[in-house]
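Novice: My questions will all concern the structure given below.
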Protein chains: 2
Amino acid sequence: MEILANNPDKKTWIPTPENTDFPIQNIPFGVFLTRDDIITIGTRIGDTAIDLGAMHQLGYFDGIPLTDDIFLQDTLNDFISDGQKTWRLVRNRISEVFDMGNGTLKNNENHKNIILFDLKEIEMQLPVQIGDYTDFYSSKEHATNVGTMFRDPENALLPNWLHIPVGYHGRSSTIIPSGIPIHRPMGQTMPKGAEKPVFGPSRLIDFELEMAFITTDANSLGEPIAVEDAEDHIFGMVLFNDWSARDIQKWEYVPLGPFLAKSFASSISPWIVTLDALAPFRCKGPKQEPKPFPYLALEGEHSFDINLEVDLITPEGIPTTISKSNFKYMYWSMAQQLAHHTTNGCKVNSGDMMGSGTISGPTPDSYGSMLELAWQGTKPITLKDGSERKFIQDNDTVVIKGFCERNGHRLGFGEVSTKLLPVFNSKKDKKSI
Amino acid sequence: MEILANNPDKKTWIPTPENTDFPIQNIPFGVFLTRDDIITIGTRIGDTAIDLGAMHQLGYFDGIPLTDDIFLQDTLNDFISDGQKTWRLVRNRISEVFDMGNGTLKNNENHKNIILFDLKEIEMQLPVQIGDYTDFYSSKEHATNVGTMFRDPENALLPNWLHIPVGYHGRSSTIIPSGIPIHRPMGQTMPKGAEKPVFGPSRLIDFELEMAFITTDANSLGEPIAVEDAEDHIFGMVLFNDWSARDIQKWEYVPLGPFLAKSFASSISPWIVTLDALAPFRCKGPKQEPKPFPYLALEGEHSFDINLEVDLITPEGIPTTISKSNFKYMYWSMAQQLAHHTTNGCKVNSGDMMGSGTISGPTPDSYGSMLELAWQGTKPITLKDGSERKFIQDNDTVVIKGFCERNGHRLGFGEVSTKLLPVFNSKKDKKSI
């Protein structure tokens, strides 16, 4: 099926700011609370949110096989389950309805009042119920930096790294959308030179610049997914900040891996940009040497040229860009990650999320974590207001942005922005469950 | 509230086999498919399954605040969300209805036909939708055995082990109920002495004798759970076989922990036995030295005396008991595990599952895995038919059983039984998703 929605020359009747991440070629999917306090599935063009539930009720998806309530849901899981063909039909239809030359909705004020919302009127939710979340460790530069710092600069990469997309299972329950503040976690750590561990607030809170992909139902229990088929099971991508407590991690992670150092919070951008929308920005990934096993071997363009940027905003509101990286630096592709994940027959469901791992580029200004940017605290970063950071301080906000640009066309993810609050105070911060 | 259901002298009018795991004092919760192909929530007395959805519709829970459809669901998650007080009211009421002296249902043939099923007529399902699954590593004997084999017998326990209940996030999507067969997984391994990894069927498939507990909604994001309150958030326990591919694990697990070596399958017993039902079998856990941090310190009886047994059934059907252990050997209690898990504010939801880790006892016949029982293949186990095992072979079935016994009263979990099939064959084993 042709992806008509990707036509770069298409223009829309929705007013769109210049350089928006959300031109009519994007058509991402998200879930939001409307001004009427109704949860719905929607898309976005420019700064206009579009209620797909309302569009469906008003007949704009007639002819596409969709259940009546497919967009009137808290999550995208069921829509994602409908599969790639349905996603394409829906994106193509949205593209038609909002095409500059199509007057049907454009000239129907009544329908527009029901379907269109200003971004300021809505509240974005987590777009999917994430059944399982896996995080990979697929940037060679990041793995090399970490190995250099903590192990042996001469043998920075562990023996398995070039053979398998190393990954681990993460915690789904603490994945939150952009805008939700988090608390500095308490935990056990072993201070340098101490003989006994201590318990208290983590002192080394870090962000991790990542992206993540969302899958559809891909297989039955026991059935591997071939690397050639893997991309068909990927719905789309989001920006991902995998918050980390480095001091907790160092003490707890042997031998079973990171646990509480990661599970206090992980934040994602709320609009899922489909793999289809990203197709014009495909590129080759880095050369893989040694050659991967056949079950991981895949020729062609399976990476994406996505510019990434991290801003740190001080408690006083002063932003500084502290890193610029790109998704294309990833050594292992998403197709390879998903194929590897299912070699053992692991079942993958609609709404599962798989993180890339920290995306560090080749130069020090493209590193994807404070750990690397400030090189274990030995090279503090100077911010625009003159203050320094080795790690993230209370009331700092970390913002990750991402966009693609090619031949004058731009398309992006918006941002994931998360403020770090001080340690949870049971008197002040207690919420009803 | 008094737990009337636990009265050891109570007798039931339901015929119950001698030595059943399911006397009227148990009243576990599960989900099953009835002979009419309807999914319902139920309990079990002896070999009789009881449809709680039908009981509720017929008014047997009148006076207890329950929504109409609370038992007419695919999973127990919503019922578990209702909280401890509701669980107790429901168990007490079931105990009353099936009490020897109560004729209301006993003498109503019409209602009995609707509510009662022979176990052979029903098909047990996964009892909860598991949002997140965590596995701990809390048996000191197991951790010591593994450390002795793979690291240094003089320093078998890693430095953090006596200070924190070490654990890691696992894969929820491949947790299956007893009776579902699994396939031997494919994967990458690094054979001893080889210079390059190989890809093929895992050669070292192992079971792990574990138990797991199921939680209710426990906290909001950011909010720790006090160790004193932790047990109030535990609904109940199941038997748990955490299948493991030792050769895949050895190659992949550094530095982020076990991944595909575990996520091919994990099986649980289908009836959740409530913590309330287990109360008469409470006991102290092992002495903890050094003294745990205050956030983990808890005096009193917070372990449970649960006899555990592992049977291996050969492809020809000959069973051999290969291990006898006990849950009381666990060094870290469930309360400590849950308190530790939430020190960082990690959100815990209804239906989350937390595994104990392999439960090995002090003697070689009480070890909880083939790795330990056959000591890395150096001491093969001889089965009743004379054949030997170092690990699990194709078409072997592993059965874990568990029960409590005190003062002549017995109560148990039934079993979790899982057959290991050969590697998935895409022509033969392909199922529709």
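Novice: Sort A:84-93, A:44-53, B:3-12 for me by packing, meaning the mean count of neighbouring Cβ atoms within 10 Å per residue, highest on top. Intermediate values should be presented prior to the final figure.
Specialist: Numbers: A:84-93: 18.8, A:44-53: 22.0, B:3-12: 15.6.
My ranking of the peptides, most packed first, is A:44-53, A:84-93, B:3-12.
Novice: Using the structure shown, select from A:Lys192/B:Lys250; A:Lys324/A:Lys390; B:Lys140/B:Lys287 the pairs with a Cα to Cα distance greater than 20 angstrom.
Specialist: Numbers: A:Lys192/B:Lys250 29 Å; A:Lys324/A:Lys390 18 Å; B:Lys140/B:Lys287 11 Å.
Pairs exceeding 20 Å: A:Lys192/B:Lys250.
Novice: Given the Cα-Cα distance of B:Lys379 and B:Phe150 and 0.36 nm per residue of separation, how much length would full extension add, in nm? The partial results should precede the final answer.
Specialist: Working: separation 229, 0.36 × 229 = 82.44 nm, distance 1.61 nm.
Computed gain between B:Lys379 and B:Phe150 is 80.8 nm.
Novice: In addition: With a bin width of 10 angstrom, please list the P(r) values of the protein assembly as shown as percents of all Cα-Cα pairs, from the 0 bin to the one holding the largest distance.
Specialist: Bin by bin from 0 Å, the calculated values are 2, 12, 22, 25, 21, 12, 5, 1, 0.
Novice: Using the beta-carbon distance between A:Asn113 and A:Lys291 and R0 = 60 Å, what value does 1/(1 + (r/R0)^6) give for FRET efficiency, to the nearest 0.05? Could you put the intermediate results ahead of the total?
Specialist: Numbers: r = 58 Å, r/R0 = 0.97.
Efficiency at R0 = 60 Å is approximately 0.55.
Novice: Ok, one more. Give me A:Met100, B:Met1, B:Met354 sorted ascending by neighbouring Cβ count inside 10 Å, so fewest comes first. Walk me through the numbers on the way to the answer.
Specialist: Working: A:Met100 12, B:Met1 9, B:Met354 26.
So the residues, fewest neighbours to most, are B:Met1, A:Met100, B:Met354.
Novice: Under 17 Å from the 7 Å Cα→Cβ point of B:Glu299, by amide nitrogen: which residues of the stretch B:216-245?
Specialist: The answer is B:227-229, whose backbone nitrogens lie closer than 17 Å to the label point.
Novice: Straight-line reach from A:Lys106: which lysines have Cα under 30 Å away, leaving out those fewer than 8 places along the same chain?
Specialist: Partners found: A:Lys10, A:Lys11, A:Lys85, A:Lys120.
Novice: A further question on this structure: With springs connecting C-alpha atoms under 10 Å apart, model chain B as a Gaussian network and identify which of B:Glu252, B:Glu141, B:Glu289 has the largest mean-square fluctuation.
Specialist: B:Glu289
Novice: Here is a further query. What is the mean number of Cβ atoms from other protein chains located within 10 Å of the Cβ atom of each residue in peptide B:244-257, rounded to a whole number?
Specialist: Numbers: counts 0, 1, 0, 0, 3, 0, 1, 4, 7, 6, 8, 16, 14, 11.
Per residue, the average neighbour count from other chains is 5.
Novice: Also, quick follow-up: In a Gaussian network model over chain A where Cα atoms closer than 10 Å are linked, find which of A:Asn160, A:Asn19, A:Asn145 has the largest mean-square fluctuation.
Specialist: A:Asn160
Novice: Run the reach check for B:Lys384 against aspartates and glutamates, Cα to Cα strictly under 20 Å, same-chain hits fewer than 8 apart removed. What comes back?
Specialist: Within reach: B:Asp206, B:Glu309, B:Asp311, B:Glu316, B:Asp365, B:Glu372, B:Asp394, B:Asp396.
Novice: Here's another thing I want to ask about it. Take the Cα radius of gyration of chain A and divide it by 2.2 N^0.38 Å, with N its residue count; two decimals is plenty.
Specialist: Cα-based Rg divided by the globular estimate yields 0.99.
Novice: For the protein assembly as shown, what does -39500 (n - 2.57) per DSSP helix run (n ≥ 4), summed and divided by total residues, give at 222 nm, in deg cm²/dmol to the nearest 500? Before the final figure, lay out the partial values.
Specialist: Working: 19 runs with 138 residues, N = 866.
Mean residue ellipticity, 222 nm, calculated: -4000 deg cm²/dmol.
Novice: Can you compute the FRET efficiency between A:Asp74 and B:Asp232 using 1/(1 + (r/R0)^6), with r the Cβ-Cβ distance and R0 = 35 Å? Round to the nearest 0.05.
Specialist: 0.80
Novice: Set Lys and Arg Cβ to +1 and Asp and Glu Cβ to -1, take the dipole of the stretch A:207-317 about its Cα centre, and tell me which of A:Tyr253, A:Gly317, A:Met211 lies farthest positive.
Specialist: A:Tyr253
Novice: So how tilted is helix B:140-150 from the main axis of chain B? Cα-based, degrees 0 to 90, rounded to 10.
Specialist: 20 degrees
Novice: For helix A:84-97, what angle does its Cα long axis make with the longest principal axis of chain A, in degrees from 0 to 90 and rounded to 10?
Specialist: Relative to chain A, helix A:84-97 is tipped by roughly 60 degrees.
The numbers here are math on the coordinates, done by the rules we state, and not lab data. This is a predicted model, so every value here is computed, not measured. For neighbour counting, all protein chains shown are included, and Cβ atoms are generated from backbone atoms with ideal geometry for every residue, glycine included.
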